[in-house]
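Working notes for the structure below.
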Amino acid sequence: MKQIYIAALDNDIRNVLRMNSAILSVNYVYFVEVLNMAKRELFFILIILATILNSEAQTLDSAVHEHHYNTFTKMDKVRSFDFDYIDEDTSLNFVHHIYSPRIKHAAWMDGGQIGTPGLNLLESGKWHEYFRMGPDYNSQYGYMADETKFYHGEHPRTSLKYGQGTGELIYLKAEHAQEVFKRWSFGIDYTRLKANNVYYGNLVDFTKIRVPNSYFTRLYTHHYSANRKYEVFSSLIRNTSTITESGGLSNTALFDTLEGRQKFYFNSAQLVGASNVFNNAHWRVEQFWRDGDRTITTADTSVKDTNASSIKSQWYHTMDLRWNRTNFIDETADESYYPHKYYSFETNDSNRVFSAKNRLGRSSIFGDSTGSLNYFAEYEFASAKQFPGHLLRTNIVRLGADLVRLKGKSKQSLSAKFVPVGYYAGDYWVNAKIEKNTAQSALKLKAMIFQSEQDFGTQFFASNHYYWYNSLKKRRTAKLMAKIRLNKPKLSLKLSAENVNGFVFFDSTGPRQSANDLNRVVVELKHETNLGRVFNLEQQILYQAYSNQEWRSPEFIYKGRFYAEGDLFDGNMLARLGLEAYYMSAFDGLTYNPVMRRFIWNDSRTSGGYPVIDVFLNAQVSAMQIFFHVQHASDGLFGYDFYAANNYPLQFRAFRLGLSWRMFN
């Protein structure tokens, strides 16, 4: 077995080395091809740059145009007595990325198109903070109320990002925040994402060819009194995504033989009238009350204490309301695609989940600010309705506490949660961490164990084509992790070991629970280095060995970025030109089932094993950033049988063009 692992790892390393050498060889060939295929886009960029460089309104003279970058905070920071504001990221790091899962995850699988449902291939399961039917596919591109950034500043903050590209892609992100009164800020974020399908010639109806057609909106506000005795955060989000469900290719053998633009015209989808609509809304309000009268009394006067560092204890209340609805429709259902058809009318499967949660807690600092204690109790009412009329109602109680101890440059913490009542009764979560930071390095050690009930949609599912009613046992996960980071050189190494009992996977009939434990060891290395004054290289290498072959995930993962960055036009422009490479070793196949809304086993071929190379150009002039992105620039270089998931091809070579503009004053 060791020889097999070594041979597989050696083969993957050779693939990465070949890919790195291919980057150099493809640099010239594909750059010429990009120029030939994108003359209009490049001409548009040059027109914009010329306009900017010759415009007095965009001069970098700070005496004329002063830039006021705003700072932000988050709810969880205030809960842990961290009142320092965070500076927003204004670098060129990921300006060109509108494909957000590429940034968030080392190994990601989806339907091949931006905005489609996806799967984190390294995640074995989570503890449930709220009642769930199943995965939330809007979370990758949409907004999350508990992740809201609350901006503050004397000057309004407005940010616009617009991108367009191949497949009639449109990406628009608009953000605005300002203080309406002193200590009271308000903000609104809006994202629009749409693109058309590019492979399936039998999707002739224009209303059916859009793969993602998504709208994401967030409203938020933050207020605190002069002495911070009272503070409140509120965030309201609404995410809506309509996904055209193709069911994948009807003939993968044909796709594998086609080259170039022939791939666009001669392929057919398995489904021609199907779609999934993912709707979710989330309203969160968190309030804080601080002890004492929060005043400073001197010999002759009494004033309000505005110093946040003097806050030593606080009560808090959190209200969470969630609405989730998922609806699958197939107006022209092909019965050969579905295993069953339990009802005579057209396919129209939906589920709805409502959750109302209230948490009351108290946090306090003790030991001359060397530690803190936070404890809470919460009640959640949840209801779940599945077509055609199956209803569940449950009342859930959770208890939890966090203990943090500071000693010099080290931080020790212990957290625990328990569910005594409700659908998740018997679930628990315990997490212990030790962190130590110095000017040269950082060390983190973590031990975690948790037990969690399976998602409700895994235990019970009712639709027109699938039905199951399971009594699967809870999933128990134990994990150890150690991570060390060096600042010079920029290098980090993370080692983790995990045991999962009660692991669940999906096949063509529904969920199945493994009879064997999943034991997994993961080694992850990240490295950043400067190659001279201009060139930079960033790499992430991950290797995992696991005992249970029912866990389908790549053993070897590589993500790399090589770029040159420097000033142009007498320092008036900062530009970055580079390549990004992604590779996952081959593993047993998975595909996406649009009715289950899950990634399931599919052994028609292996997944992964195909390198992807992107080319990007980012530039910044004053407060405006411009990006030009060639996604999958290596199209055809490593073969023509490229897939994101089985039956779902990767996006072919696609051009993205856009700008991001921060407005001040």
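The values are calculated or read from the model by the stated rules, or taken from the named source; none is laboratory data. On a predicted model such as this, the values are computed, not experimentally measured, just so you know. When we count neighbours, we look across all protein chains shown, and the Cβ atoms used for this are built from the backbone with ideal geometry, even at glycine. Each accessible area value is taken on the protein alone, full model and side chains, heavy atoms only, with ligands, DNA and RNA left out. Shrake-Rupley method; radii C 1.70, N 1.55, O 1.52, S 1.80 Å.
Key figures for this structure:
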read-out	value
LYS77, sole failed condition from (1) at pLDDT 85 or above; (2) in a loop (DSSP other than H, G, I, E, B)	(2)
Out of LEU249, LEU236, LEU271, sole residue that is under 30 Å from TYR151 (Cα atoms), surrounded by 18 or more Cβ atoms within 10 Å (Cβ to Cβ) and either among the hydrophobic types (A, V, I, L, M, F, W, C) or more than 29 Å from the chain's Cα centre (by Cα) (or both)	LEU236
All positions within segment 102-123 that are touching a residue at least 40 places away in the same chain (Cβ under 8 Å) and surrounded by fewer than 19 Cβ atoms within 10 Å (Cβ to Cβ)	ARG102, LEU122
Segment 463-507, residues that are in a strand (DSSP E or B), open to solvent by 50 Å² or more (accessible area, probe 1.4 Å) and within 24 Å of ALA425 (Cα to Cα)	TYR469, ARG476, LYS479
Which numbered condition ALA174 fails, given (1) closer than 30 Å to GLN549 by Cβ; (2) surrounded by fewer than 17 Cβ atoms within 10 Å (Cβ to Cβ)	(1)
Test: residue in segment 202-222 that is at pLDDT 95 or above, of a type in the set (Lys, Arg) and under 29 Å from the mean Cα position of the chain (by Cα)	yes
Qualifying residue in segment 524-536 (condition: part of a strand (DSSP E or B), under 23 Å from ASN501 (Cα atoms) and in contact with an Asp or Glu (Cβ under 8 Å, 6 or more places away or on another chain))	no
Single unsatisfied condition, ASP570 versus (1) without any contact (Cβ under 8 Å) to a residue 40 or more places away in the chain; (2) assigned to a strand (DSSP E or B)	(2)
Looking only at segment 386-400, and only at residues there that are crowded, with 16+ Cβ neighbours inside 10 Å and without any contact (Cβ under 8 Å) to a residue 60 or more places away in the chain, the one that is nearest to LYS446 (Cα to Cα)	GLY400
Residue within segment 148-155 that is touching a helix residue (DSSP H, G or I) at 6+ places or on another chain (Cβ under 6 Å), farther than 29 Å from LEU321 by Cβ, at pLDDT below 85 and surrounded by fewer than 22 Cβ atoms within 10 Å (Cβ to Cβ) present	no
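Residue-wise test of (1) modelled with pLDDT of 95 or more; (2) open to solvent by less than 10 Å² (accessible area, probe 1.4 Å); (3) polar (S, T, N, Q); (4) not in a loop (DSSP other than H, G, I, E, B).
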{"position": "LEU574", "(1), (2), (3), (4)": "no, no, no, yes"}
{"position": "ALA581", "(1), (2), (3), (4)": "yes, yes, no, yes"}
{"position": "ARG605", "(1), (2), (3), (4)": "no, no, no, no"}
{"position": "ALA633", "(1), (2), (3), (4)": "no, yes, no, no"}
{"position": "PHE655", "(1), (2), (3), (4)": "no, no, no, yes"}
